[in-house]
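I have placed the structure first, in the form of structure tokens, so that the comments after it can refer back to it.
The values are calculated or read from the model by the stated rules, or taken from the named source; none is laboratory data. As the structure is a prediction and not an experimental result, all values here were calculated from the model. Because the Cβ atoms are built from the backbone with ideal geometry, glycine has one as well, and the counts that use them run over all protein chains shown. We work out accessible area using only protein heavy atoms, side chains counted, and drop any ligands, DNA or RNA first. Shrake-Rupley method; radii C 1.70, N 1.55, O 1.52, S 1.80 Å.
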Amino acid sequence: MAEQLSGPHRRGAVIVPAYNEAAVIERTLLPLSHAATEGYIELIVVPNGCTDDTAAVARRIPGVHVVELREGSKPAALNTGDRIATMWPRLYLDADIRISVGAILAVLDRLARGDVLAARPEFRYAFDRSDPLVRSYYRARQRIPQREPILWGAGVYGLSRQGHARFGSFPDLTGDDLFVDSLFDADEKSVVHTEPAVVTTPTDVGSLLAILRRSHRGGTEARVVDRSRVRRTGPATARAVLRSIRGPGSAGDAAVYIAVALAARRGALHPNVPWERDESSREPR
């Protein structure tokens, strides 16, 4: 059943880059279809370099504007979506993230107020299908307190027109969310308290290591672009994880977190490891 919608139309654009997401993109787009057909949001999907039927699946959903790219490049897909979109603010959504229309409109409305330049909704991890070690890692990660709003990690973030003007176009980097987060001070960002987006975690440790290695590389690339703003967070995060220990269970989770993080960091430094992403979370339920 479609969510009940109210308020003004043309609240903003939602841009969804997609690479071989045929197995999961329908669950992401279907909840947003009604808002798109009724004119509350502009919903743009940019399949890039796909070898599956991601584009065909997206085209079957009412209200979706699909533009395909032959090149497999998330930055190129984001920039293409920006060229096509006509509405502001804009929300950038990974194709495997589940989010409600209410959460999207809340973020767009927060940005429209003009007192912040970037925002995202709250999010939660879905790890019910994951191995025990993966669940332990994400339990520890959830306990890490955030001293200021951060945009990365949720698979979704939004920008006002003024915020987007800070960089103009997305650079050719792996971690777009980390790069965007680095451009704004704490008082320019907001985490909107609304129904959380759902991030499906990897199901096994090998897949977890793959996405963590990619994340480390994204951080390295962003630091090359701006050394002054993109900080190395490893030691501080490890200390925060250790401070979160409250008993044997959380101590075990902390140990798993630190061991996995160190293994991923070592793997990210290996020059022969190819570009990776987690495929396990994309398996149909």
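Could you please report the charge total around Gly158, scoring K, R as +1 and D, E as -1 over all other residues with beta-carbon less than 9 angstrom from its beta-carbon? The answer is +3. Short to long, the 5 Å bins of the Cα pair-distance histogram for the chain hold 1, 6, 12, 16, 19, 18, 14, 9, 4, 1, 0 percent of all pairs. Accessible surface ranking for Trp152, Trp88, 1.4 angstrom probe, highest first: Trp152, Trp88.
Only helical runs count toward this figure. For the chain, summing -39,500 (n - 2.57) over DSSP H runs of n ≥ 4 and dividing by all residues gives -12500 deg cm²/dmol at 222 nm. Note on the chain: GNM, Cα springs under 10 Å; of Asp109, Asp82, Asp176, the largest mean-square fluctuation is that of Asp109. Across the chain, Cα pairs under 8 Å and at least six residues apart give a relative contact order of 20 percent.
Placing one equal scatterer on every Cα of the range 113-191 and applying the Debye formula, the log10 ratio I(q)/I(0) at q = 0.13, 0.19, 0.21, 0.24 Å⁻¹ is -0.48, -0.86, -0.97, -1.14.
Kirkwood's formula applied to the C-alpha pairs of the range 70-203 gives a hydrodynamic radius of 15.6 angstrom. Helix 205-225 and the longest principal axis of the C-alpha atoms of the chain enclose an angle of approximately 70°. Atom-type composition of the exposed protein surface of the chain places 52 percent of the accessible area on carbon and sulfur (1.4 angstrom probe).
Taking the C-alpha atoms only, the angle from helix 25-37 to the longest principal axis of the chain is near 30 degrees.
Spacing of the modelled spin labels on Glu279 and Thr37, each 7 Å from Cα toward Cβ, amounts to 3.5 nm. Counting only heavy atoms of the protein chains and using a 1.4 Å probe, His34 has close to 70 Å² of accessible surface. Normalised per residue, the accessible area of the chain is 47 Å², obtained with a 1.4 Å probe and no contribution from ligands, DNA or RNA. Label zone of Thr86 (point 7 Å out along Cα→Cβ, amide N under 13 Å): in the range 27-61 this covers 39-43.
By how many degrees, between 0 and 90 and to the nearest 10, does the Cα long axis of helix 74-84 differ from the longest principal axis of the chain? Tilt relative to the chain: about 20 degrees. Annotation note: trypsin sites (Lys or Arg not before Pro) in the range 129-203 located in DSSP loop regions with a Cβ neighbour count of at most 10 within 10 Å are Arg147.
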